[in-house]
Amino acid sequence: MKKYKILAFLAAMVLTFSACETEVDDPAGLRNEGVVPAITNLKPAVFDVNDPENTFIKFDLDATSEVSEVIFVASYKGDMRRVTLLNFTTFPAKDIKIYMRDVATALGVKLSDVNPGDVFTLEALTIQGDKTYRSSAVIDAPAVCLYDPEMVTGAYQAVSADWGVDGPVTITVDPINEYIVYVAGLAELDGLTEDKGPLNMVIDPLTFNVTAVKTVLASIAFSYTNIAYEGSGLLNTCDGTYDMNFTITVDQGSFGLQAFTLVKK
C-alpha cells in the first residue's frame with residue numbers, strides 16, 4: 001500500500017573550487033565551423049494524417065555567411081535513411097512548405113501506409129567550403145489528427161501499473177483556452193477525498209506535447225498532506241489518449257515519477 005511507502009529525502013552539498021590558469025583553451029574549438037542553421041516560425045509542425053495529399057509543415061530558415069548551402073535529408077519512423085529531400089542556397093528563406101506527399105515519395109513510402117503517430121524526421125546539413133556538417137537543426141514532424149477538443153475530453157480510464165491504479169477520471173476543456181484541459185478524479189483512484197484540483201494540463205498546439213502544471217489534488221493523502229501531481233507527456237489527437245509521466249509529491253517528500261495512460265472511453 002502507498003501509505004507504507006518510504007519517502008526518500010536527499011541532501012545536496014555544493015562544493016566550490018577555484019583555480020588559477022595561465023593558459024586558456026577555447027572550449028568552442030574552431031570558430032565558424034559546423035554552423036547550425038536557424039529554423040523558426042515552425043507552424044504547422046505536424047502533418048494531418050487525414051489529408052495526406054495536401055498537408056504540409058511550414059517554417060523559415062536562416063544561416064550565417066559561412067554557410068553556402070543547407071540540405072534537408074529525410075527519414076521515416078527512426079530508420080535513419082537520410083534521403084536527400086531539398087536544398088537552399090539563399091538566406092533567409094521564408095515560408096518554406098514541405099508537403100508530406102513529397103517526403104513520402106522521396107522515401108518510397110505509400111501515403112496509405114502512413115499511420116497516426118508515424119514520424120518523419122528532417123535533418124539540416126550545412127555546406128561550408130568543401131565540408132559537409134550534420135547540424136543539430138532537426139524537425140520531427142508526426143502524422144496526427146487535427147485537434148478537436150471533443151475528442152480529447154470526456155470520460156476517461158486512468159491506468160498506471162507504476163502507481164497501481166486503474167479507474168475512471170473526467171477530462172474537461174477550459175472555457176476560454178481550448179488547449180487547456182482539467183483532469184478530475186486522479187486522487188479518488190487512491191480512495192482519497194479530492195477536495196482540491198483538478199489537475200491543470202496544457203497542450204502545445206504545435207506538437208501536442210502536454211505539460212501537467214503542479215496541482216494539489218487532495219489535502220490529506222494516506223498519512224501525509226497535500227498530494228500533488230505534475231509532469232509531461234504526449235496527446236494522441238486521433239484517439240484522445242494521453243501518455244503521461246507524473247511526479248507525485250506530498251508536503252513530506254516525493255513518490256517519484258509514475259507513468260500513466262489516460263484512455264478515452
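Our summary of shape: the Cα atoms of the chain have principal axis extents of 67, 63, 34 Å, ordered from largest down, in whole angstrom.
Share of carbon and sulfur in the accessible area of the chain stands at 53%, probe radius 1.4 Å. In this calculation the C-beta distance from D62 to S223 is compared with R0 = 51 Å, giving a FRET efficiency of 0.35. Accessible surface area normalised per residue over the chain is 55 Å², counting heavy atoms of protein chains with a 1.4 Å rolling probe. The label-point distance for T90 and D166, in a model that sets each label 7 Å from Cα toward Cβ, rounds to 6.1 nm. For region 132-265, the orientation-averaged shadow of the C-alpha convex hull comes to 9.9 nm² (one quarter of the hull surface). Each label point was placed 7 Å from the Cα along the Cα-to-Cβ direction; for V119 and E69 their separation is 2.9 nm. Our estimate of slack between A259 and T247, defined as 0.36 nm per intervening residue step minus the Cα-Cα distance, is 3.4 nm.
As a length-normalised measure over Cα pairs under 8 Å and 6 or more apart, the relative contact order of the chain settles at 15 percent.
Give the shape of region 26-118 as rounded, prolate or oblate, defined through the alpha-carbon gyration tensor: a ≥ b ≥ c are the square roots of its eigenvalues, a/c under 1.5 means rounded, and otherwise the shape is prolate if a/b is larger than b/c and oblate if not.
prolate
May I ask for the net charge around Y99, where only other residues with Cβ less than 14 Å from the Cβ of Y99 are counted and Lys, Arg are +1 while Asp, Glu are -1? The partial results should precede the final answer.
Values: positive: K58, K97, R101; negative: D48, D51, E53, D95, D102.
Net local charge, Y99 excluded: -2.
For the pair D148 and V213, a Förster radius of 22 Å applied to the C-beta separation gives a FRET efficiency near 0.45, rounded to the nearest 0.05.
May I ask you to derive the FRET efficiency for I176 and V138 from their Cβ-Cβ distance with R0 = 41 Å, giving the value to the nearest 0.05?
Details: r = 34 Å, r/R0 = 0.83.
With R0 = 41 Å, the Cβ-Cβ based efficiency is 0.75.
State, as an integer percentage, the relative contact order of region 47-89 based on alpha-carbon contacts under 8 Å between residues 6 or more apart. Relative contact order of region 47-89: 29 percent. Across region 171-265, the mean sequence separation of Cα contacts (distance under 8 Å, 6 or more residues apart), normalised by length, yields a relative contact order of 17 percent. Model label sites at K131 and L111, defined 7 Å from Cα along the beta-carbon direction, differ in position by 4.1 nm. Considering helices alone, the calculated mean residue ellipticity of the chain at 222 nm is -1000 deg cm²/dmol, with DSSP H runs of length four and up weighted by -39500 (n - 2.57) and normalised per residue.
The values are calculated or read from the model by the stated rules, or taken from the named source; none is laboratory data. Computed from a predicted structure; not experimentally measured. As a convention, Cβ positions derive from the backbone with ideal geometry for all residues, glycine included, and neighbour counts pool all protein chains shown. Just the protein is used for accessible areas: all its heavy atoms, side chains included, with ligands, DNA and RNA removed. Shrake-Rupley method; radii C 1.70, N 1.55, O 1.52, S 1.80 Å.
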